[in-house]
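Novice: Structure provided below as structure tokens; questions to follow.
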Amino acid sequence: TTVIKYKSGPLGGDQQLGAQITDQKIDILIFMIDPLTAQPHDVDVKALQRIAVVWNIVLACDIATADFIMTSPYMEGIYTREVSSFSTYLNRTIP
């Protein structure tokens, strides 16, 4: 597994991650946040979360979710991520 370190959020790290997501170079984002501490760059964090949702990226913001992701059988198998329009998402049928 390769871990790439980006700049701190206030120094542009959130934008670096967002750019990598839109370039389809990131499939999983584990982005820990402290919900009990005010974030001076909260708008940037929210934008990053929005990009992850739009591009259908697996996103963990807490340890429990990160643990589920890392122990998922999909970590060793193949998972095809689909990026579709929001209107397609709203009109989908759930089996």
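The values are calculated or read from the model by the stated rules, or taken from the named source; none is laboratory data. All values reported here derive from a predicted model rather than from experimental measurement. Here the Cβ is made from the backbone with ideal geometry for all residues, glycine too, and neighbour counts use every protein chain on show. Calculation scope for accessible area: heavy atoms of the full protein, side chains included, ligands and nucleic acids excluded. Shrake-Rupley method; radii C 1.70, N 1.55, O 1.52, S 1.80 Å.
Novice: Any idea of the accessible area per residue across the range 9-91, 1.4 Å probe, to the nearest Å²?
Specialist: Details: 6040 Å² over 83 residues.
It amounts to 73 Å² per residue over the range 9-91.
Novice: Using the alpha-carbon atoms, what tilt in degrees (0 to 90, nearest 10) does helix 13-22 show relative to the longest principal axis of the chain?
Specialist: 20
Novice: Test of understanding: what is the full-extension gain from Phe68 to Asp42, defined as 0.36 nm times their sequence separation minus their Cα-Cα distance? Provide the component values of the computation, followed by the final result.
Specialist: On the way: separation 26, 0.36 × 26 = 9.36 nm, distance 2.54 nm.
Working it through step by step, the gained length comes to 6.8 nm.
Novice: With each label point set 7 Å from Cα along the Cα-Cβ vector, what nm distance links Asp23 and Val83?
Specialist: The two pseudo-label positions are separated by 1.3 nm.
Novice: Leaving out ligands, DNA and RNA, what percent of the accessible area of the chain is carbon and sulfur, probe 1.4 Å? Intermediate values should be presented prior to the final figure.
Specialist: Details: 4440 of 7550 Å².
Whole-percent figure for carbon plus sulfur exposure: 59.
Novice: Now a separate question. Give the label of the value calculated from the structure for mean projected area of the Cα convex hull in nm², choosing from (1) 7.7; (2) 7.4; (3) 5.6.
Specialist: Of the labelled values, this structure produces (1).
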